[in-house]
Amino acid sequence: MSKPIKLKPRKGNGACGPTVIACITGAAVEKIEHRIKLRRYGRRRTVARVRGTTTREVRACLAYFGYTMSTADASANSVEMKYTATTIGRWRGEMRIDTPTLGQWLASREDSSECNIVHIANHWIVVQGNELADTYSGGAPIPWSKSAHLRKRVRGVYMVRKS
């Protein structure tokens, strides 16, 4: 059993990927953007802001800070299946009608104590307990019932644990 992760409020105007990582790790958004730039461009100097992070970049940045990000295959989900914490995974390809919305997935979770990163409509959100954080909340944890994204389709769900 890993130690529980506590979401930490972050300030800054980073993109959703760095903001989510900052909420989990407590590191500064600028330091996280620097790690992502190193992965993208190597040691070349660049002033470009980090926008549009990939799953691999988020996973690598979390690994640098001592966290693991894992997923289970959820491509076998069907319309009849209840979406629970055991159906965590990634829905590949085009958005299908049988993938849950963020609100459906949040309401059906059984273990709300685990820390999850949710990928919805090209946007990253971190969820733990009854709180979530993203760029729209300013990096501060808010009750998930007040999220602006409850009707968006979930593209992937990842469990995050401290290594």
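The values are calculated or read from the model by the stated rules, or taken from the named source; none is laboratory data. Remember, it's a predicted structure, so these values are computed and weren't measured experimentally. Positions of Cβ are backbone-derived with ideal geometry, glycine not excepted, and every protein chain shown enters the neighbour counts.
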Next on the checklist: Can you report the number of residues in segment 48-80 which are modelled with pLDDT under 80 and either of a type in the set (V, I, T) or touching a Pro at 6+ places or on another chain (Cβ under 9 Å) (or both)?
Outcome noted: 2
Checklist outcome for this item: Checked segment 153-163 for anything buried (at least 18 other Cβ atoms within 10 Å of the Cβ) and of a type in the set (S, T, Y); matches are Y158
Checklist entry - When residues of segment 129-152 are filtered for being outside any loop (DSSP other than H, G, I, E, B), surrounded by fewer than 22 Cβ atoms within 10 Å (Cβ to Cβ) and touching a residue at least 60 places away in the same chain (Cβ under 8 Å), how many remain? => result 1
Next on the checklist: Residues that are under 15 Å from the mean Cα position of the chain (by Cα), surrounded by 17 or more Cβ atoms within 10 Å (Cβ to Cβ) and modelled with pLDDT of 85 or more: does segment 94-105 have at least one?
Outcome noted: yes
Item to check | Number of the condition not met by P143 [criteria: (1) touching a helix residue (DSSP H, G or I) at 6+ places or on another chain (Cβ under 9 Å); (2) over 15 Å from I24 (Cβ atoms); (3) of a type outside the set (G, A, S)] | outcome: (1)
Item to check | Selection count where residues are part of a helix (DSSP H, G or I) and farther than 14 Å from V160 by Cα, scope segment 36-55 | outcome: 6
Item to check | Within segment 26-48, tally of residues that are farther than 18 Å from Y67 by Cα and not small (G, A, S) | outcome: 10
Next on the checklist: I'd like to verify a number: residues in segment 33-47 that are exposed (fewer than 10 other Cβ atoms within 10 Å of the Cβ), at pLDDT 75 or above and either more than 19 Å from V58 (Cβ to Cβ) or among the charged types (D, E, K, R) (or both), how many?
Outcome noted: 1
Checklist entry - Yes or no: V154 among the aliphatic types (A, V, I, L, M), touching a Ser or Thr at 6+ places or on another chain (Cβ under 8 Å) and at pLDDT below 90? => result yes
